[in-house]
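Below: the structure, in structure tokens.
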Amino acid sequence: MKLSLGPVLYYWTRETLLDFYAAIAGSGVDIVYLGEVVCSRRHNLRLDDWLGLARDLSASGKEVVLSSQALIESESELKTLRRIADNGEFTVEANDMGAVRLLAGRVPFVAGPHLNIYNGETLAWFAGLGASRFVLPLELSRDILRELQSVRPAGIETEVFAYGRMPLAFSARCFTARHHNLPKDDCQFRCLDDADGLALRTRDKAAFLTLNGTQTQSAQVYDLSDSIGELRGLGVDAVRLSPQSSNMIGIIESFRERCAGRPGASLEGLRVAPPCNGYWYGVPGMEYRTPA
Amino acid sequence: MASTVLSLCNPTNHYLFDRATRIVSIPELVCPAGNLPSLKVAVDNGADWVYMGLKDETNARNFAGLNFDAASASEGLRYAHAAGAKMLLAINTFPQGLAAPRWQRAIDGAADLGIDAVIVADAGLMRYAAERHPQLRLHLSVQASATNYEAINFYHQRFGISRAVLPRVLSLAQVADVVKNTPVPIEVFGFGSLCVMVEGRCALSSYVTGESPNTSGVCSPAKAVRWEKHGDTLDARLNGILIDRFAAGENAGYPTLCKGRFNVDDETYYAIEEPSSLNAMELLPELANIGIAAIKIEGRQRSPAYVAAVTRIWRAAIDAYARNPARFSVHADWANGLARVAEGQQHTLGAYHRKWK
């Protein structure tokens, strides 16, 4: 089972991003997804910078995939999307049906977690369009995964989001700008202040959600580290770890060990928040069950 | 309906010529029917289309006591057709795993019944409908989350969709850009409850309750709601999560999870969205100018009285616009009538208005 690193979902400084990926180049991940998935206003790395990073990581032996933006609303966003689709060097992860249109039948692509591949018929359709891998939607359970695996066409790999705060929703509205009473068009890039997002708590002070610009994430960290054997048994080809600002190398090493069938280091103390894994068991996503 | 209506190149649009012989497009009115009484009052009050769902998880308003079985769907269709209206069946949730045959039977049933079109979100299901029932008209559901013309044109190219419903995330200028770049007639929401997240890609409800619009056709389901009174305050919880806390005298609205008051950096406010609803009536001339094919009213979960009032008022507004596009303005009694039935305390233009974002 391969280990993949999902795209950085937060807005980090250019220096932080470059340092982060320099460390990733020497880490144990097999696949690295690169690019801005959340907000087209974020610009610390431009597409040419991402492509440069992609070449560096590729030279370090990583399989590199360029991730496209999830919510595409404007012509300028479509222009960027076309450049990504036409890059001619790296596989693209489509996170919107517009991206699928630009890739289908031309080049193999990764069908990302935001494309709503919920059933065998839709999975077969994507395989026919040229998807070489698909990422299971976050809210689907192991039981549904088992069903999908039973009818999965030859030639398409399965990837499962297995670690990180979950991207649960996208909006045209920027909730970080809203928090700072700023219009989205003049947001002053305040999301730079929140390396792991901005905590949203209930009025009785329970951790609930995480605001990340136009994206809303879980407060808790989805963690399937104790279910790696089960994932392997289901024929999953890759597990995705979603980046956080600290301890990422330690988390990768622990997963690497677990993927090799060894007991990896505990993630207690490495996670930015307590774990949840409800979706895996077909119950509310925020819940946590101790794996049998 | 305006007497000068002509049907031109686009069979789903109504057009007329204004005094300067400019072609003006008159949007059709698409109204919700949670049950047969709602369907009838929608038709009686001038809906061009009514949309409904079956009594199961195949549609995105899968609420107890709501929706249609085969007999009531058949009666509804007869009623709509007798009045010259058309009926849409929403089959707009995502079958999971190996469950697609149940959704496919719903498509078959719609074709057998002679439903005018089905509203579909799942690509596999659209493919099934296009291959098995090529005569059945396909509308792309808002749940398909197609927010740009490349996405919409892809569904058109692959499945021949006849209309697409836009998610409530685009500004007016962005809506215009979509219309300009697609052959697919575009439907937009004009009134009703407002999703702040892009439809079809929001898992907040399943995160809290295990059920979401995509998987179960529900958001913040009533069975997960608990009201708790503590002295003067009333807590609204969704599967234990405190969505809002109301002081004595405050209007306690339904705890839709994105519309509660939360705490961010020690500040308590509507961090995601106020409990407001969409009302785009003042944008009717702009929507018509853009070339919008249809305006959709949200609210299959609402009462027949709501459906009757909203349909009547929007029919009056669209007809008034058709009679004299240049002089259209929102009448006070329309605005008051809509305010009386709206959810929440305030109206918004939502994403149509750039500042909302």
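The values are calculated or read from the model by the stated rules, or taken from the named source; none is laboratory data. Model, not experiment: these values are computed from the prediction. Don't worry about glycine lacking a Cβ; one is built from the backbone with ideal geometry, like all the others, and counts go over all protein chains shown.
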- Query: In the range B:177-217, which residues are within 26 Å of B:Gln346 (Cβ to Cβ), more than 14 Å from the chain's Cα centre (by Cα) and more than 9 Å from chain A (Cβ to nearest Cβ)?
  - Reply: B:Ser205
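Residue-wise test of (1) of a type outside the set (A, V, I, L, M, F, W, C); (2) more than 26 Å from A:Val160 (Cα to Cα).
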{"residue": "A:Tyr11", "(1), (2)": "yes, no"}
{"residue": "A:Gly35", "(1), (2)": "yes, no"}
{"residue": "A:Val38", "(1), (2)": "no, no"}
{"residue": "A:Asp49", "(1), (2)": "yes, yes"}
{"residue": "A:Gly52", "(1), (2)": "yes, yes"}
{"residue": "A:Asp96", "(1), (2)": "yes, no"}
- Within the range A:68-114, residues crowded, with 24+ Cβ neighbours inside 10 Å and more than 14 Å from every other protein chain (Cβ to nearest Cβ) come out as A:Glu93, A:Val110
- Task: Residue by residue through the range A:138-157, note down the ones that are within 13 Å of chain B (Cβ to nearest Cβ) and either surrounded by 20 or more Cβ atoms within 10 Å (Cβ to Cβ) or over 14 Å from A:Gly120 (Cβ atoms) (or both).
- Result: A:Leu138, A:Glu139, A:Leu140, A:Ser141, A:Arg142, A:Ile144, A:Leu145, A:Leu148
- Item | Which numbered condition B:Phe262 misses (of (1) surrounded by fewer than 21 Cβ atoms within 10 Å (Cβ to Cβ); (2) outside the structural domain of B:Asn62 (by TED's automatic domain parsing); (3) of a type in the set (Phe, Trp, Tyr)) | (1)
- The one condition B:Asp56 fails out of (1) over 22 Å from B:Val43 (Cβ atoms); (2) over 21 Å from the mean Cα position of the chain (by Cα) is (2)
- Looking at (1) of a type outside the set (Asp, Glu); (2) away from chain B (no Cβ under 13 Å); (3) closer than 30 Å to A:Glu268 by Cβ; (4) touching a helix residue (DSSP H, G or I) at 6+ places or on another chain (Cβ under 6 Å), which is the one condition that is false for A:Val135? (4)
- Determine whether B:Leu287 is farther than 18 Å from B:Ala339 by Cβ and assigned to a helix (DSSP H, G or I). yes
- Item | Residue ID - surrounded by the most Cβ atoms within 10 Å (Cβ to Cβ), chosen from residues in the range B:207-218 that are without any contact (Cβ under 8 Å) to a residue 60 or more places away in the chain and within 21 Å of A:Arg165 (Cβ to Cβ) | B:Tyr207
- Message: Quick test for you: out of A:Lys205, A:Lys184, pick the one residue that is within 25 Å of A:Glu268 (Cα to Cα) and either at the interface with chain B (Cβ under 10 Å from one of its Cβ atoms) or touching a Pro at 6+ places or on another chain (Cβ under 6 Å) (or both).
- Response: A:Lys205
- Query: Name the pairs whose Cβ atoms lie under 6 Å apart, with the first residue in the range B:294-306 and part of a helix (DSSP H, G or I), the second modelled with pLDDT of 95 or more, and 6 or more positions between them or separate chains?
  - Reply: B:Pro304/B:Pro37; B:Pro304/B:Ser38; B:Pro304/B:Val41
- Identify all residues within the range B:268-284 that are more than 14 Å from chain A (Cβ to nearest Cβ) and not in a loop (DSSP other than H, G, I, E, B); write none if there are none. B:Ser277, B:Asn279, B:Met281, B:Glu282, B:Leu283, B:Leu284
- Mind counting the residues in the range A:115-132 that are at the interface with chain B (Cβ under 8 Å from one of its Cβ atoms), part of a strand (DSSP E or B) and under 16 Å from A:Glu159 (Cβ atoms)? 0
- Query: Within the range B:226-252, restricting attention to residues that are basic (Lys, Arg) and closer than 19 Å to B:Ser212 by Cα, which residue is surrounded by the most Cβ atoms within 10 Å (Cβ to Cβ)?
  - Reply: B:Arg237
- Message: Which numbered condition in (1) out of contact with any Lys or Arg (no Cβ under 8 Å at 6 or more places or on another chain); (2) assigned to a helix (DSSP H, G or I) is the only one that B:Val330 fails?
- Response: (2)
- Task: Scan the range B:64-104 for residues that are closer than 25 Å to B:Tyr155 by Cβ, modelled with pLDDT of 95 or more and over 21 Å from the mean Cα position of the chain (by Cα) and jot them down.
- Result: B:Gln96, B:Gly97, B:Leu98, B:Ala99, B:Ala100, B:Pro101, B:Gln104
- Item | Residues being within 13 Å of chain A (Cβ to nearest Cβ), touching a strand residue (DSSP E or B) at 6+ places or on another chain (Cβ under 7 Å) and not in a helix (DSSP H, G or I) - total across the range B:245-267 | 9
